[in-house]
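Chemist: Got a structure here, written out as structure tokens. Questions coming.
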Amino acid sequence: MMNLITLKSDGFYIFQKPEDKKEELISVNINETDKPISFYTNYFIEVESNVTIENFMNILMQYEDDIDFLYMGYTKGKPLRPYYEQMQEEVKNESDVDFIEFCWATDYFDFGDDFPADLTLLPDLIGVNKKCLEEESDDSPYYTMAITPLNEWKNAPIHIDKMVEYINYIYMPKENPRFEILMNGNKEWHLHDFIQSFLQEITVHGSPEEKKVYCKELIKKRDEFFERGEELVLVDNGADWEAKSEMFDEKELKRKMKQYVENDEFEKAQEIKDKLDKIKKG
């Protein structure tokens, strides 16, 4: 039987044999075992329905010292507690995401015949708005949560997506679009991947206070664009001080391009591909 850990609303649970029985397995909170959380990071993880980001954060805080030590390479040494304290703050503008999806981020780079192609696979998470996802809308249903205060999306339930898909976006005009799905399939999540993707997302722009400064800088840049009369696309995750340009978020551009391809909106997909090409060329 593969090693499996289940995230429930009150903790991480594993199946193990009780001392007085030989065959039946019982579900046990890992707090009741003699092992640290690091022992279980290579276990495959599943999440019970309706477990929220707040539940998950509360559970991580039970292992605060271990998490801070084990994942400092992903958090750049940022401790967990300031984000936990931010989560406790009063909510003024709750995010409009309906759930948080833990998913695999992929990239495919073809460098030509002289070099092998480069495949990238990383654990990631996105906020999803079901209304935009289910209806035809110009608004993207996907949100980057990196600069949204944690208290504004703490009530969002957690979903896990195991799908891995590599797509080669060659050229996407309206007529005769050229793209190919190179590979797709499912990849299981380990507990390590799961924790890593969450911590990277909330710490990528620094501490809660540093993120506020970062957002103010983005708003300043937005205003400068407007003053010059240049086009700017804004993504608003609910916070009144938060607005950011897709020009500064390559990950969001790639998600949007994939969405346009899936909806057969190839001209829009080509426009984003051109922007991404400019970013790569610097």
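Chemist: Cβ-Cβ distance below 6 Å, separation of 6 or more or different chains: which pairs start in region 28-56 with a residue that is touching a residue at least 12 places away in the same chain (Cβ under 8 Å) and end on one that is among the small types (Gly, Ala, Ser)?
Modeler: Within 6 Å, the pairs are 29/11; 51/9; 53/156; 55/9.
Chemist: Same structure again: How many residues does region 122-149 contain that are under 13 Å from the mean Cα position of the chain (by Cα) and of a type outside the set (Asp, Glu)? Outline the logic, then answer.
Modeler: Within region 122-149, the first condition is being under 13 Å from the mean Cα position of the chain (by Cα), and the residues that meet it are 122-128, 142-148.
Then keep just the ones that are of a type outside the set (Asp, Glu); that gives 122-123, 125-128, 142-148.
Going through region 122-149 one residue at a time, the tally reaches 13.
Chemist: For region 11-69, name all the residues that are of a type in the set (Phe, Trp, Tyr) and either closer than 27 Å to residue 99 by Cα or within 27 Å of the chain's Cα centre (by Cα) (or both). Give the derivation first.
Modeler: Our first condition is that a residue be of a type in the set (Phe, Trp, Tyr); within region 11-69, this holds for 12-13, 15, 39-40, 43-44, 56, 63, 69.
Residues satisfying the conditions are 12, 13, 39, 40, 43, 44, 56, 63, 69.
Chemist: Residue under question is residue 30, and the condition is that it be of a type outside the set (Lys, Arg), under 21 Å from residue 201 (Cβ atoms) and buried (at least 18 other Cβ atoms within 10 Å of the Cβ); does it hold?
Modeler: no
Chemist: Further, regarding this structure: Can you give me the ranges of the helices (runs of 4 or more DSSP H) entirely in region 187-268 with at least 1 residues that are at pLDDT below 70 and touching a strand residue (DSSP E or B) at 6+ places or on another chain (Cβ under 9 Å)?
Modeler: Details: elements: 191-203, 208-228, 250-262.
So the answer is 208-228, 250-262.
Chemist: Hey, among 97, 51, 91, which residue is touching a Lys or Arg at 6+ places or on another chain (Cβ under 7 Å), modelled with pLDDT of 85 or more, of a type in the set (Val, Ile, Thr) and surrounded by 13 or more Cβ atoms within 10 Å (Cβ to Cβ)?
Modeler: 51
The values are calculated or read from the model by the stated rules, or taken from the named source; none is laboratory data. In this text the structure is predicted, and so the values were computed from the model without any measurement. Every residue, glycine as well, gets a Cβ built from its backbone with ideal geometry; the counts of neighbours run over all protein chains shown.
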